[in-house]
Amino acid sequence: MQKSLELYNRAKRVIPGGVHSNSRARAPHPLYFTKAKGPYITDVDGNEYIDLIMGNGSIIFGHNYEPFVELFNKYLPDGLVTGSETELSIDVSEKFLQFVDHDQVRFTNTGTEAITHVIQMARAYTGKNDIAVCEGAYNGWTDHVFVSAWPDLTKAGEEHNPIPLPGTGGLDPKVVESTVVIPFNKWEETENILRREAHRLACVILEPVMIDVGFIEPDPEYLKNLRALCDELDILLVFDELLTGFRLSLGGAQQYFGVKPDLSTFGKAIANGYVLAAVAGKREVMEVAAPGGKTGFVGTYNGHQVSLAAAKAVFELLEDGTILEELHEMTEQLINEFNNSCSRYGINGVMKGRGGHVHWYFSETPVETYRQAASTDHETFAKFSGKLFELNCLVSGKTLSHHKLSYSHKGEALEKLVERIDTALKSLK
């Protein structure tokens with residue numbers, strides 16, 4: 001990896017840490033890449049990896065997937081890039097709402113921007129100021145939501161009453177303290193906290209599946225109970241579907257679980273790696289941010305035409321459901337192979353996932369909450385992930401992270417991945 005090392009030494013003089021996102025850092029130095037095709041990505045030293053990062057889940061079809069590229073080029077506007085409304089923006093909005101059961105949608109650029117808009121809209125609609133988030137979840141990097149994201153359990157307080165902790169330095173302490181933290185999948189504790197704080201809460205924001213800590217599905221009744229309680233307490237329910245959207249089902253996690261939030265945010269797979277996010281929801285809530293409404297919704301790059309062309313291509317490819325169904329089948333196959341290998345070698349490990357999202361835990365007990373995920377075997381995870389990397393699989397070394405398949409992983413790449421996973425698990429024996 002000599003060339004990556006040379007680029008790192010060059011990059012760190014002009015880029016803090018040599019990377020534009022801290023999540024791309026890795027020991028002993030970041031990797032720098034030169035090309036990608038389908039499920040594979042190649043670094044500057046010529047090493048080809050099976051990519052299990054896939055743009056943090058945004059690349060649903062695969063790198064440079066030809067049917068997507070053809071449609072994308074077909075829908076590219078003629079000379080229009082940003083700052084203008086077009087028929088394309090209406091087409092994509094209409095198609096989005098055919099998939100997702102909401103009344104209206106607006107496009108912005110990133111998940112953090114979408115969440116910021118949602119918070120302002122919820123405040124304007126309810127007249128209340130504060131928000132609640134789930135312990136362990138990552139919903140963006142602004143002061144109100146970068147709270148108790150992957151918190152240190154020695155500082156997090158009791159599970160029935162988590163302490164709001166800053167997810168990073170530089171946040172406003174007063175803002176952090178104002179955010180209410182609830183324990184995902186612990187209904188009695190969640191209900192007690194929300195009833196106590198309802199007078200000040202504009203919204204509850206949660207990933208309906210906690211994916212930024214791996215893959216933790218909700219208890220079947222948790223989301224339904226939360227929906228009913230938010231209605232009772234005049235709190236808006238917001239689903240952060242940046243990762244679940246267009247992967248769990250075409251209508252998102254809300255369709256998959258049969259629970260409809262007041263507002264949702266979408267992104268990642270919506271444009272197969274192009275920069276796009278969406279805010280969608282009930283008409284009466286969405287229109288508080290309409291021109292002349294109670295709050296604003298602005299951004300030069302909102303509804304960026306290049307990204308909308310990508311989204312239109314994505315929707316056309318996903319529309320008949322075939323690709324997503326195959327992606328579910330691939331995910332299930334990989335999960336079964338991993339779990340069978342763990343059983344064969346006597347390893348306390350489990351893989352969980354759906355829609356191309358996969359993650360592995362090493363634990364003797366089930367993983368159903370953040371605190372259980374944070375208490376899994378980090379050392380074994382690091383050994384396994386390190387071995388996979390040696391076998392040319394691009395993976396995260398962080399226990400609380402997530403991994404992804406694309407549609408292009410089917411066939412040969414998936415077979416290779418199964419073999420490499422089995423080899424890596426066997427090395428732990």
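Quick notes on this structure:
- Within segment 144-164, considering residues that are within 22 Å of residue 402 (Cα to Cα) and not acidic (Asp, Glu), the one most open to solvent (accessible area, probe 1.4 Å): 150
- Taking every residue in segment 326-342 that is within 18 Å of residue 402 (Cβ to Cβ) and part of a helix (DSSP H, G or I) and pairing it with any residue that is of a type in the set (Phe, Trp, Tyr) and open to solvent by less than 10 Å² (accessible area, probe 1.4 Å), at least 6 positions away or on another chain, the pairs with Cβ-Cβ distances below 7 Å are 338/360.
- Which listed residue, of 397, 386, is under 21 Å from residue 150 (Cβ atoms) and either polar (S, T, N, Q) or in contact (Cβ under 8 Å) with a residue 60 or more places away in the chain (or both): 397
- Against the conditions (1) over 18 Å from residue 206 (Cβ atoms); (2) under 19 Å from the mean Cα position of the chain (by Cα), residue 153 satisfies every one except (2).
- Selection status of residue 85, open to solvent by 70 Å² or more (accessible area, probe 1.4 Å) and touching a Phe, Trp or Tyr at 6+ places or on another chain (Cβ under 9 Å): no
- Of all positions in segment 273-285, none carries a residue that is assigned to a helix (DSSP H, G or I), surrounded by 14 or more Cβ atoms within 10 Å (Cβ to Cβ) and touching a Gly at 6+ places or on another chain (Cβ under 9 Å).
- Note on segment 286-309: among residues that are in contact with a helix residue (DSSP H, G or I) (Cβ under 8 Å, 6 or more places away or on another chain) and part of a helix (DSSP H, G or I), the one that is farthest from residue 80 (Cα to Cα) is 288.
- Taken as a whole, segment 350-368 holds at least one residue that is out of contact with any helix residue (DSSP H, G or I) (no Cβ under 9 Å at 6 or more places or on another chain), open to solvent by 10 Å² or more (accessible area, probe 1.4 Å), charged (D, E, K, R) and not in a helix (DSSP H, G or I).
- Subset of segment 254-272 that is under 13 Å from the mean Cα position of the chain (by Cα) and not hydroxyl-bearing (Ser, Thr, Tyr) - its residue that is farthest from residue 121 (Cα to Cα): 269
A quick yes/no check of all residues on (1) hydroxyl-bearing (Ser, Thr, Tyr); (2) modelled with pLDDT of 95 or more; (3) crowded, with 18+ Cβ neighbours inside 10 Å:
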site: 34; (1), (2), (3): yes, yes, no
site: 42; (1), (2), (3): yes, yes, no
site: 66; (1), (2), (3): no, yes, no
site: 72; (1), (2), (3): no, yes, yes
site: 81; (1), (2), (3): no, no, no
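- Qualifying positions in segment 221-259 - open to solvent by 10 Å² or more (accessible area, probe 1.4 Å) and part of a helix (DSSP H, G or I): 221, 224, 225, 227, 228, 231, 232, 233, 254, 255, 256, 257
- Hits in segment 357-397 (condition: modelled with pLDDT under 95 and touching a Lys or Arg at 6+ places or on another chain (Cβ under 7 Å)): 397
- Taking the criterion of being among the charged types (D, E, K, R) and without any contact (Cβ under 8 Å) to a residue 24 or more places away in the chain, the only residue of segment 27-65 that qualifies is 35.
- Looking across 90, 131, 119, one residue alone is out of contact with any Lys or Arg (no Cβ under 9 Å at 6 or more places or on another chain), on the phi < 0 side of the Ramachandran plot, modelled with pLDDT of 95 or more and open to solvent by less than 50 Å² (accessible area, probe 1.4 Å). It is 119.
- Criterion (under 16 Å from residue 181 (Cβ atoms), assigned to a loop (DSSP other than H, G, I, E, B) and touching a helix residue (DSSP H, G or I) at 6+ places or on another chain (Cβ under 9 Å)) met by exactly one of 137, 132: 137
- Hey, residue 293 at pLDDT 95 or above, open to solvent by less than 60 Å² (accessible area, probe 1.4 Å) and under 19 Å from residue 241 (Cβ atoms) or not: no
- Selection of first residues in segment 126-138 that are touching a residue at least 12 places away in the same chain (Cβ under 8 Å) and of second residues that are basic (Lys, Arg), restricted to Cβ pairs under 9 Å at least 6 apart or on distinct chains, gives the following pairs, ordered by first then second residue: 128/200; 129/123; 129/200; 130/123; 130/200; 131/123; 135/371; 136/371.
- Residues of segment 210-234 that are in contact (Cβ under 8 Å) with a residue 60 or more places away in the chain and touching a helix residue (DSSP H, G or I) at 6+ places or on another chain (Cβ under 6 Å): 213, 214.
- When segment 187-210 is filtered for residues that are buried (at least 22 other Cβ atoms within 10 Å of the Cβ) and within 22 Å of residue 281 (Cα to Cα), the ones remaining, listed by number, are 201, 202, 203, 204, 205, 206, 207, 208, 209, 210.
The values are calculated or read from the model by the stated rules, or taken from the named source; none is laboratory data. Please read all numbers here as calculations on a predicted model, not as lab measurements. We place every Cβ from the backbone using ideal geometry, glycine too, and count neighbours over all the protein chains shown. Keep in mind that these areas ignore ligands, DNA and RNA; they rest on the heavy atoms of the full protein, side chains included. Shrake-Rupley method; radii C 1.70, N 1.55, O 1.52, S 1.80 Å.
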